[in-house]
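Visitor: Below you will find the structure I want to go over with you.
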């Protein structure tokens, strides 16, 4: 959609139409809501001032980019948002050439912008192209953003960074005075005055530079821009993020400045949908809901794994005041909200800073505390060096509680929890274990609370797969639990949620295999495996994880080391490819992982 010639009135009408379309689709499909509603005018102004066909439009996380999708020829297709084989909830270049980069994790945008700016400079395209970055104030809590700003301020590549401040977490504007100063600093007069002043004081040495700098800083102390100015980034703001005229004027000014500029824009999350407006965490990402009342269309009565984890950890925290915990900007998503409320001095949200979360828990473990580092599987990837360097190297007893392990559904490729087994299993001193149901989860948290080495506990998004199986017994390091023993050469080996999948697969078979809950993939229960190898020659592995480096790989390595050659292993873990977004059951069906499909594969041999 080309909006270059739209009048201000037409742009305002378009913004409302975009909001209506977002609400229509998200209330039906689910998705990110409050952040994308709040960014509508920003994105409309970007498309008015810049050219998405050549200027890199880079959205941090990109969960706020729905208006961009609607403005880039996806209006009708938007009805398929987050559905299987439909539009992604994030930017995706395979969908549109105007989606510059895949994004789903936080705080990557400024680094991408710097890289794009370097390429533009190398290709001598600075007269016709400029990177435009949109980053939320929450994403500014991660160190990667400042690493990028540090280089950008030094190298001075032309770039426009739009800081979407929807929580007032940087600074509150001071009414009319702040608005006046923001407009003044964005004006051609101020910019010309500043350049002339800099040229003038160059002739008078360091003393004049010092006095001029102090004068400018005192002038700007009542705005939050001094941090960015000190890093070498021109600052404009705060700006009303819902005032299209101001946004267009200021972005046009920033575009022509020929240097890195940060435009501080303040928006209201959920803007245009009164129920969701403001600091309401539950409206950040939503399931389908009734548009009129705001109530969710369906509520599951089944307890999910996150709730079970929170309850189990609360029991242990009540008994042991050495238990502490951390999350990286996901208190409700990881179940730590109630623990943070009850024990505010022992459980912390450190914002989007997984690296810091891991390392800080290492120090707490060193001081004799028992940390539970509670992070989604996909986000723990961002703290990998810290796991090795700051926890496992010193064999510190940090527990990594990995929520959303396995397929996560509509969030798709960037969020699938497929790799934690593969990347953690190779680290010395690390123990890997997983629960299969509510009772085993309580057992595993009780075990982890007293374990004296690093360990990882993985569990799925939503509820565990239901299965009628013998009750869990307490956990012992490296000990499996044989749940079903049958006179069959087939052995089903389940790990975590894979146990339920294995049990459900058995229901579609006449021949009933034995079923082993592996419990630990590191260390393996070698005594049990030797016993199983004597009577079961066909092993089928069920685990919601990547096959490469996963559970089947661990078992194959063990068989090779033990020189056991008459056991055949088939792993039903994920193939070596990124898993697309969509309803979890449809995704699993496409991968051939539904119990009926798996049973057919086993029967076929």
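Visitor: Name all residues of the range 533-575 having a backbone nitrogen under 11 Å from the label point set 7 Å from the Cα of residue 489 along its Cα→Cβ direction, giving them as ranges.
Guide: 536-539, 567-568
Visitor: Further question on the same structure: Just rank 303, 259, fewest to most, by other beta-carbon atoms within 10 angstrom.
Guide: Going from sparsest to densest Cβ surroundings: 303, 259.
Visitor: Given axes a ≥ b ≥ c from the Cα gyration tensor, I'd like to know whether the range 305-458 is rounded (a/c under 1.5), prolate (a/b larger than b/c) or oblate.
Guide: rounded
Visitor: Under the 0.36 nm per residue contour assumption, what length would be gained going from the current alpha-carbon distance of residue 290 and residue 227 to full extension?
Guide: 18.4 nm
Visitor: Given a Förster distance of 51 Å, report the FRET efficiency between residue 28 and residue 146 from their Cβ-Cβ distance, rounded to the nearest 0.05.
Guide: Efficiency computed from Cβ-Cβ geometry: 0.85.
Visitor: Further, regarding this structure: Per 0.36 nm of contour for each residue apart, how much would the distance between residue 589 and residue 556 grow if the chain were fully extended, relative to their Cα-Cα spacing?
Guide: Length gained, residue 589 through residue 556: 9.3 nm.
Visitor: Is the range 481-604 rounded, prolate or oblate when judged by the Cα gyration tensor, a ≥ b ≥ c being the square roots of its eigenvalues, rounded requiring a/c under 1.5 and prolate requiring a/b larger than b/c?
Guide: oblate
Visitor: Which of rounded, prolate or oblate describes the range 309-399 when judged by the alpha-carbon gyration tensor and an a/c cut-off of 1.5?
Guide: Oblate, because a/c is 1.5 or more while a/b does not exceed b/c.
Visitor: Among 127-138, 469-480, how do they line up by average Cβ neighbours within 10 Å per residue, starting with the highest?
Guide: 127-138, 469-480
Visitor: Using Cβ contacts closer than 10 Å as the measure, can you line up 1, 159, 330 from fewest to most?
Guide: The fewest-first ordering by Cβ neighbours comes to 1, 330, 159.
Visitor: At R0 = 56 Å, how high is the FRET efficiency between residue 564 and residue 274 if r is their beta carbon distance? Nearest 0.05 is fine.
Guide: After rounding, the FRET efficiency stands at 0.30.
Visitor: Give me the angle, in degrees from 0 to 90, between the Cα long axis of helix 175-186 and the longest principal axis of the Cα atoms of the chain, rounded to the nearest 10.
Guide: Relative to the chain, helix 175-186 is tipped by roughly 80 degrees.
Visitor: Right, something else. Once you have the Cα-Cα distance between residue 9 and residue 596, take 0.36 nm times their residue separation minus that, and quote the gain in nm to one decimal.
Guide: Net length gain for the segment: 205.7 nm.
Visitor: For a Förster distance of 30 Å, can you work out the FRET efficiency between the beta-carbons of residue 20 and residue 51, rounded to the nearest 0.05?
Guide: Between residue 20 and residue 51 the formula returns 0.70.
Visitor: How much of the DSSP beta bridge set in the chain is antiparallel, as a percent to the nearest 5?
Guide: Taking every DSSP beta bridge within the chain, about 15 percent pair in antiparallel fashion.
Visitor: By how many degrees, between 0 and 90 and to the nearest 10, does the Cα long axis of helix 205-220 differ from the longest principal axis of the chain?
Guide: 70 degrees
Visitor: By count of other Cβ within 10 Å, fewest leading, how are 90, 384 ordered?
Guide: Lowest to highest Cβ neighbour count: 384, 90.
Visitor: Treating the angle as unsigned and between 0 and 90°, give the value, to the nearest 10°, between the Cα long axis of helix 244-255 and the longest Cα principal axis of the chain.
Guide: 90 degrees
Visitor: Treat each spin label as a single point 7 Å out from the Cα along the C-beta direction, and report the residue 76 to residue 318 distance in nm.
Guide: Spacing of the two 7 Å Cα→Cβ label points: 5.8 nm.
Visitor: By average Cβ neighbour count within 10 Å, what is the ranking of 518-524, 271-277 from highest down?
Guide: Top of the packing list down: 518-524, 271-277.
Visitor: Next up: Please figure out what share of the DSSP beta bridges in the range 305-458 is antiparallel and state it in percent, rounded to the nearest 5.
Guide: Given both bridge residues lie in the range 305-458, the antiparallel proportion sits at roughly 5 percent.
Visitor: Next question. 222 nm [θ] for the chain, helices only, -39500 (n - 2.57) per DSSP H run of 4+, per residue, to 500?
Guide: Here the helix-only value at 222 nm equals -11500 deg cm²/dmol.
None of the figures in this text is laboratory data; all of them are computed from the coordinates on show. The structure displayed is predicted, hence computed values, not measured ones. Every residue, glycine as well, gets a Cβ built from its backbone with ideal geometry; the counts of neighbours run over all protein chains shown.
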